[in-house]
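A short worksheet on the structure shown next.
The values are calculated or read from the model by the stated rules, or taken from the named source; none is laboratory data. Keep in mind the model is a prediction, meaning the values are calculated, not measured. Using ideal geometry, Cβ is built from the backbone for each residue, glycine included, and neighbour counts are taken over all protein chains shown. Accessible surface is based on the protein model in full, side chains and every heavy atom, while ligands, DNA and RNA are left aside. Shrake-Rupley method; radii C 1.70, N 1.55, O 1.52, S 1.80 Å.
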Amino acid sequence: MKNVISSVVANDLCVGCGMCVAVCPSESLKVRLGEKGTYEPFMIQDHCDETGNCLKVCPFNPFPDEELKIEEDISVKIGIQDSSYNLSKAFGRYYSLYAGYASAFREEASSGGVATWLLRELLKNKIVDYVIATIGDNSDEERFFKYTIIEDIGELDLTTKTKYYPIEVSEVLKLTELKGGKYAIIGLPCTIKAIRLAQINNPKRWGCIKFTISIFCGGLKSSFFTEYLASKVNVKHGEITTPKYRVKDIKSSASDYSFSCIKKGEQKPRSIPMKEVGDMWGTGYFKPNACDFCEDLSGELADISLGDAWIPPFSKDGRGHSIIITRTVFSNNLIEKGIDIGELSCKQISSKQVFKSQEGNYNHRRIGLSYRLKWASEKAHIVPPKRTKRVFFENPLKSRIFGLRQKIQNESTQYWLEERNNGGMGFEKKIYGTKKKLLLYTRIEHLFRKKYWLRKLKIRS
Ligand SMILES: Cc1cc2nc3c(=O)[nH]c(=O)nc-3n(C[C@H](O)[C@H](O)[C@H](O)COP(=O)(O)OP(=O)(O)OC[C@H]3O[C@@H](n4cnc5c(N)ncnc54)[C@H](O)[C@@H]3O)c2cc1C
Ligand code: SF4
Ligand code: SF4
């Protein structure tokens, strides 16, 4: 019988969500932060019941049932939406689209604070008994964040802000069985997919999760990302506490945020603007391979999805705006009610605007994926089924760019492992060549794109 270790971990497809561990009936699986700085399940005892439950809930299962192959199929199976809903190729089925913020939570939030507002609404109106969200964790030197169960609205302040750090669900989900009650959970698209697959596989056990919120995702960052950022403020791994990734500058634009952390023994945070660190997203630094085979950037299976409004005029406001994709009538009613009572300031936006706000992410996920699928098939690498088709004719420039991103992904992990004990001293020198080439090819590609559009405009006028 296939399991996640032989089919997912062995094929370097694990993103470390932890769902397989949560559903393992024989408690044969555990999860740990592996040597690449992401969570990985491992087999602890040899009494696996061989039901393959772990694989059935895995968002990267390379061998899913026919009707569960892609997000669109799964959304039909769970019945949260039907074909009358709007359909975007970029971000799935939806009811309505907004950009806005929740004044009460915006200041302490990553973007518009809508996530924290929603979690509070769900608790306040007793739609659920508990919410499952992420908080800082000081109990372990190697783990800065974890999922927790929250019952008290006052504790929601502890959950705000984006954590670019691996966080897994197994520990917290196991507790839900003992506690009973109704739950809402917020997570990355792959985590929400894993939950939906678990609900399909065992509706009785996982029916307790009544509401799901997905945050948009441009790719997971391994724990090395935090170490790397901390090294920029002269804090070594082992000395890092309370990392924060999205410290806002309300006088600047939304994308102008800083990383901060406190060195052990000190009181004052040390911080560095992310624009001084350089592009960490387009380059794929410290990203697991699994993310390169994920095409759901917005959480298509959630009741509601939230992202950053990286488009003008919203992006000009350093206090932050959220993009909101309501995917059910119920979640849309929650947002509309928030607007009516003046707790949310929101504007309806178009699907084009949502796409535009995530354009780079989308290009990497879909166009890039078509190249990666071709290369994987040429090398006979096993990958999960995707709706994106393999590219037929490779554009040599694009091919080079996507190839270099994969190279940086691997090199960043390898070089950090080699250099982390020296405070990352030799890291930049080692990665310089690949980074420089990527920058060069990207610039050329942008120039071609500009020329193409200028030529099109000329023809029209
Ligand atoms: C790895 C990662 C990549 C992202 N990539 C993009 C992107 O490409 N484009 C984009 O628009 N937005 C992206 N986001 C989401 C964005 O940064 C905001 O988290 C989101 O818009 C919510 O903002 P808010 O102000 O409403 O949240 P807040 O009110 O600040 O609340 C944040 C909520 O998110 C939850 N949360 C934070 N980090 C995690 C995590 N790692 N795992 C699970 N839950 C978490 C917290 O529990 C909390 O409930 C990403 C987030 C992460 C963690
Ligand atoms: S992706 Fe999640 S469910 Fe799949 S093997 Fe990894 S931890 Fe388990
Ligand atoms: S890119 Fe996909 S697989 Fe990777 S963390 Fe984000 S949602 Fe999960």
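Out of everything in segment 106-163 that is within 11 Å of ligand 1 (Cβ to nearest atom) and of a type in the set (Lys, Arg), what residue ends up being surrounded by the fewest Cβ atoms within 10 Å (Cβ to Cβ)?
Lys146
Does Cys58 satisfy the condition of being within 16 Å of ligand 3 (Cβ to nearest atom) and within 25 Å of the chain's Cα centre (by Cα)?
Judged against the criteria, Cys58 is a match.
Based on what the data block shows, is Gly282 assigned to a loop (DSSP other than H, G, I, E, B), surrounded by fewer than 20 Cβ atoms within 10 Å (Cβ to Cβ), free of Cβ contacts under 8 Å to residues at least 60 places away in the same chain and not assigned by TED's automatic domain parsing to the domain that holds Lys163?
no
Can you work out which of the residues in segment 220-249 that are open to solvent by less than 40 Å² (accessible area, probe 1.4 Å) and assigned to a loop (DSSP other than H, G, I, E, B) is nearest to ligand 2 (Cβ to nearest atom)?
Leu220
Among the residues of segment 35-70, write down those that are part of a loop (DSSP other than H, G, I, E, B) and within 10 Å of ligand 2 (Cβ to nearest atom).
Thr38, Val57, Cys58, Pro59, Phe60, Asn61
Conditions: (1) open to solvent by less than 20 Å² (accessible area, probe 1.4 Å); (2) more than 19 Å from the chain's Cα centre (by Cα); (3) touching a residue at least 24 places away in the same chain (Cβ under 8 Å). Arg420 meets all but one. Number of the miss?
With (1) open to solvent by less than 20 Å² (accessible area, probe 1.4 Å); (2) more than 19 Å from the chain's Cα centre (by Cα); (3) touching a residue at least 24 places away in the same chain (Cβ under 8 Å) applied to Arg420, the lone miss is (1).
Based on this model, can you work out whether Glu336 counts as assigned by TED's automatic domain parsing to the domain that holds Ala90, in a helix (DSSP H, G or I) and acidic (Asp, Glu)?
yes
Identify all residues within segment 196-219 that are open to solvent by less than 20 Å² (accessible area, probe 1.4 Å), aliphatic (A, V, I, L, M) and within 12 Å of ligand 1 (Cβ to nearest atom); write none if there are none.
The answer is Ile213, and nothing else.
For residues in segment 5-21 being in contact with a Leu (Cβ under 9 Å, 6 or more places away or on another chain) and within 6 Å of ligand 2 (Cβ to nearest atom), which is farthest from Ile186 (Cα to Cα)?
For segment 5-21, the residue satisfying everything is Val8.
Going by what's in this entry, would Asp73 be described as part of a helix (DSSP H, G or I), at pLDDT below 90, more than 22 Å from Ile323 (Cα to Cα) and more than 19 Å from the chain's Cα centre (by Cα)?
Yes, satisfied.
One line per residue, one yes/no per condition, for (1) closer than 13 Å to Ala99 by Cα; (2) within 16 Å of ligand 3 (Cβ to nearest atom):
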| site | (1), (2) |
| --- | --- |
| Asp292 | no, yes |
| Glu300 | no, yes |
| Ile325 | yes, yes |
| Leu334 | no, no |
| Trp375 | no, no |
